[in-house]
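What follows is a single structure, written as structure tokens, with notes after it.
The values are calculated or read from the model by the stated rules, or taken from the named source; none is laboratory data. Everything quoted here is computed from the prediction, not taken from an experiment. No Cβ is skipped: glycine too gets one built from the backbone with ideal geometry, and neighbour counts run over all protein chains shown.
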Amino acid sequence: MTTVVSAKPRSAASRLREVLASAPLTIPLLMVVVGLAIAVPAFRTGGNIENILYAASILVIPGLAMTLCITMGEFDLSIGSTLTLTGAVACTLIRDGYPSALALLAALLVGAIVGIGNGLIITKLGVTPFIATLATLVIVRGIAQAYTGGQNVQVADPFLKFFAGGRVLGVPFPIVLAIVVIAIFLWVTYRTRFGRWVAAVGSNRDAARLSGLPVDRIRITVYVLIGLAGAVWGIIISSQLQRGSAILGVGFELQAITIVVIGGTSLLGGRASIIGTVLGALLIVTIQNGLNLLNVPPAFQDISVGLLLVGALAIQAIRRRVPVEALDDKR
């Protein structure tokens with residue numbers, strides 16, 4: 001006679017920990033929103049909520065591409081410079097009389113080329129991602145400086161302006177675009193073979209290669225996606241300002257990395273949190289918005305973002321030492 005042993009049902013606390021582990025910023029974001037809504041009446045207006053969603057939607061697009069890169073155990077420091085160059089390319093071509101659609105396609109192509117360059121340097125030359133993308137950051141920004149001659153490239157183009165100021169069914173276009181991109185990345189990351197491959201490369205690159213995965217091709221593809229995301233970022237920022245400039249995007253790469261890390265994606269690779277990245281963008285933008293309403297100087301806003309990054313890194317370090325399973329065993 002065979003005895004069937006039923007699995008021990010998980011406790012409610014265990015299930016709650018699992019949910020919060022998949023979206024660790026849920027409670028902090030709610031606390032910040034409630035606190036600011038109480039402290040600053042202007043925060044809870046419809047226009048201000050739209051401003052928060054608008055700003056977060058612009059930031060989350062490069063953040064999602066960076067999520068895949070960090071899931072591989074790597075990161076790209078050049079995305080801010082890619083924003084600069086692609087925005088300058090789009091605006092310069094529009095100013096010179098080329099069709100707007102062609103100018104934007106050229107900007108996307110430039111972003112893809114930067115991504116391919118990063119991927120080839122890292123995979124074929126064996127340069128570490130930190131050094132390779134740091135060098136690309138400097139090179140691409142230098143190219144942008146030479147391309148623009150150090151001057152702002154002013155444009156007044158309705159097609160370009162739509163990317164930041166247009167609306168679809170009354171909703172700002174960047175928010176609509178972000179929703180579409182989030183849906184795509186959720187599907188790619190969790191439902192496709194490519195998403196599983198990215199996580200496998202991040203978990204153990206040598207094992208992934210031995211199992212027959214095209215590791216170099218996967219890595220290059222992710223860097224191309226980051227280049228394209230940087231180009232989209234550059235197009236939207238240039239659309240907002242109606243100009244391209246070699247000084248745009250300075251430090252923006254740290255914002256993209258920060259929302260990924262505080263969102264729960266492990267710097268060691270192998271685990272992605274797309275929803276975490278979305279919540280990370282919302283949290284940072286909400287804090288910055290609240291501090292603006294409170295008339296806090298920009299320097300302290302930068303400090304708050306830095307403290308968030310340090311706190312997220314500390315939490316990741318603690319989790320590596322004390323896994324959730326260990327906490328369950330102690331119950």
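Residues considered: Thr45, Thr71. Of these, the only one that is over 14 Å from Pro172 (Cα atoms) and surrounded by fewer than 19 Cβ atoms within 10 Å (Cβ to Cβ) is Thr45.
Given the residues Ser245, Ser238, which is the only one that is among the hydroxyl-bearing types (Ser, Thr, Tyr) and surrounded by 24 or more Cβ atoms within 10 Å (Cβ to Cβ)?
Details: Ser245 fails: surrounded by 24 or more Cβ atoms within 10 Å (Cβ to Cβ).
When all the criteria are applied, what remains is Ser238.
Of the residues Leu267, Leu248, the single one that is more than 26 Å from Leu25 (Cβ to Cβ) and in a loop (DSSP other than H, G, I, E, B) is Leu248.
For segment 223-233, does any single residue satisfy the condition of being closer than 22 Å to Ala56 by Cβ, in contact (Cβ under 8 Å) with a residue 12 or more places away in the chain and either outside any helix (DSSP H, G or I) or touching a Phe, Trp or Tyr at 6+ places or on another chain (Cβ under 8 Å) (or both)? Yes: segment 223-233 contains one or more residues that are closer than 22 Å to Ala56 by Cβ, in contact (Cβ under 8 Å) with a residue 12 or more places away in the chain and either outside any helix (DSSP H, G or I) or touching a Phe, Trp or Tyr at 6+ places or on another chain (Cβ under 8 Å) (or both).
Checking the stated criteria, Ala164 turns out to be within 26 Å of Ile94 (Cα to Cα), at pLDDT below 95 and surrounded by fewer than 20 Cβ atoms within 10 Å (Cβ to Cβ).
Out of Ile303, Ile287, Ile315, I need the residue that is of a type in the set (Val, Ile, Thr), touching a Ser or Thr at 6+ places or on another chain (Cβ under 9 Å), under 23 Å from Gln255 (Cβ atoms) and at pLDDT 65 or above. Which one?
Numbers: Ile303 fails: touching a Ser or Thr at 6+ places or on another chain (Cβ under 9 Å); Ile315 fails: touching a Ser or Thr at 6+ places or on another chain (Cβ under 9 Å).
Just one listed residue meets the conditions, Ile287.
The sole residue among Ala112, Ala88, Ala146 that is surrounded by 15 or more Cβ atoms within 10 Å (Cβ to Cβ), in a helix (DSSP H, G or I) and modelled with pLDDT under 95 is Ala88. Look at (1) buried (at least 21 other Cβ atoms within 10 Å of the Cβ); (2) not in a helix (DSSP H, G or I) and you find that Ala281 fails only one, number (2).
When each of Leu177, Leu137 is tested for being out of contact with any His (no Cβ under 7 Å at 6 or more places or on another chain), assigned to a helix (DSSP H, G or I) and within 19 Å of Ile58 (Cβ to Cβ), the lone residue that passes is Leu177.
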